[in-house]
Amino acid sequence: MLCAEQITVTRDGLPVLLRVGFSAGPACALRVSGPNGAGKSTLLRVISGLKRPDGGRVTWQGEDIALDFHAHALRVAYLGHRDGLKPDLTVRENLAIHRHHARCDVTEALARLGLPPCADVPVRQLSAGQKRRVALAALMMKDAPIWLLDEPHLGLDAAALLRLGDVTRDHLREGGIAIITTHAELPIPFTHIITLPERPASWVAG
Ligand SMILES: Nc1ncnc2c1ncn2[C@@H]1O[C@H](COP(=O)(O)OP(=O)(O)OP(=O)(O)O)[C@@H](O)[C@H]1O
């Protein structure tokens, strides 16, 4: 069970998140919604352990993730706005980086995201949507129970959105957790939704 308890984050002395909480167990698909600037990406970074909250805590199986960030990083697969790929390596070589302790091999990951035609192309030559597919293939290779997807639909065409839905549903069927920020309709059976409120004007530094 993953729990966020009373998460508060401030920037420049002003709150971005104020006492946000949720629990997510096996097969939970949590949609995080809210207007631009509401703190969705910030919440994902806190759950990933990349950002420490100013108040509250995140726990996994009842234990504060702050006790061992290295262990937490191993259980999280995070897709941020940037794809985190190595531009001079081919698609296949980028995925091969994740082959140790992977939940599937490179060939399967390529196939699941429709990437075989560009498997041997350097990533820098790919379109934005193709890069996003590679990032998703890398994510599904990681044997991690917690998926954190920050606007995963960006750049994806209709076929790729269906593939995103397929791999996410498989992850949920295997007992995984998916926490997803999105402004789009995704083919994912969300079981929980949290909506972050718009930041009051008095909270936004001007
Ligand atoms: N590096 C930063 N320094 C200062 N303030 C920041 C920084 N990053 C984000 N913020 C503030 O935190 C607020 C929340 O940002 P965040 O990226 O979490 O929002 P979001 O809900 O993901 O927005 P969007 O829908 O536009 O992606 C923003 O309004 C911004 O004012």
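The values are calculated or read from the model by the stated rules, or taken from the named source; none is laboratory data. Owing to the predicted nature of the structure, the values given are computational and were not obtained by experimental measurement. Please note: Cβ atoms are built from the backbone with ideal geometry, for glycine as well, and neighbour counts cover all protein chains shown. With ligands, DNA and RNA removed, areas are computed over all heavy atoms of the protein, side chains included. Shrake-Rupley method; radii C 1.70, N 1.55, O 1.52, S 1.80 Å.
Taking Gly80, is it of a type in the set (Gly, Ala, Ser), within 26 Å of Ile188 (Cα to Cα), touching a Phe, Trp or Tyr at 6+ places or on another chain (Cβ under 9 Å) and modelled with pLDDT under 95? For Gly80, the condition - of a type in the set (Gly, Ala, Ser), within 26 Å of Ile188 (Cα to Cα), touching a Phe, Trp or Tyr at 6+ places or on another chain (Cβ under 9 Å) and modelled with pLDDT under 95 - is not met. Please work out if Leu95 is touching a helix residue (DSSP H, G or I) at 6+ places or on another chain (Cβ under 6 Å), on the phi < 0 side of the Ramachandran plot and open to solvent by less than 20 Å² (accessible area, probe 1.4 Å). Against the criterion (touching a helix residue (DSSP H, G or I) at 6+ places or on another chain (Cβ under 6 Å), on the phi < 0 side of the Ramachandran plot and open to solvent by less than 20 Å² (accessible area, probe 1.4 Å)), Leu95 qualifies. Exactly one residue out of Thr10, Thr90 is touching an Asp or Glu at 6+ places or on another chain (Cβ under 7 Å) and open to solvent by 50 Å² or more (accessible area, probe 1.4 Å): that is Thr10. The single residue among Gly56, Gly37, Gly25 that is open to solvent by less than 40 Å² (accessible area, probe 1.4 Å) and either within 16 Å of the ligand (Cβ to nearest atom) or on the phi < 0 side of the Ramachandran plot (or both) turns out to be Gly25.
Taking the conditions exactly as written (in contact with a strand residue (DSSP E or B) (Cβ under 9 Å, 6 or more places away or on another chain), within 16 Å of the ligand (Cβ to nearest atom) and modelled with pLDDT of 95 or more), does Leu148 satisfy them or not? Criteria met by Leu148. Taken over the stretch 142-167, the criterion of being within 18 Å of Arg103 (Cβ to Cβ), open to solvent by 40 Å² or more (accessible area, probe 1.4 Å) and within 13 Å of the chain's Cα centre (by Cα) is satisfied by Lys142, Pro145.
The listed residues are Leu164, Leu148, Leu136, and the only one of them that is part of a helix (DSSP H, G or I), in contact (Cβ under 8 Å) with a residue 40 or more places away in the chain and under 27 Å from Gly34 (Cα atoms) turns out to be Leu136. When the stretch 10-54 is filtered for residues that are charged (D, E, K, R), over 24 Å from Ala71 (Cβ atoms) and touching a Leu at 6+ places or on another chain (Cβ under 9 Å), the ones remaining, listed by number, are Arg31, Lys40.
Taking the stated definitions as given, is Val106 within 14 Å of the ligand (Cβ to nearest atom), open to solvent by 10 Å² or more (accessible area, probe 1.4 Å) and not charged (D, E, K, R)? The answer is no for Val106. Scanning the stretch 63-85 for residues that are open to solvent by 60 Å² or more (accessible area, probe 1.4 Å) and either in contact (Cβ under 8 Å) with a residue 60 or more places away in the chain or part of a loop (DSSP other than H, G, I, E, B) (or both) yields Asp68, Leu74, Tyr78, His81, Arg82, Gly84.
Scanning the stretch 168-191 for residues being of a type in the set (A, V, I, L, M, F, W, C) and open to solvent by 10 Å² or more (accessible area, probe 1.4 Å) gives a total of 5.
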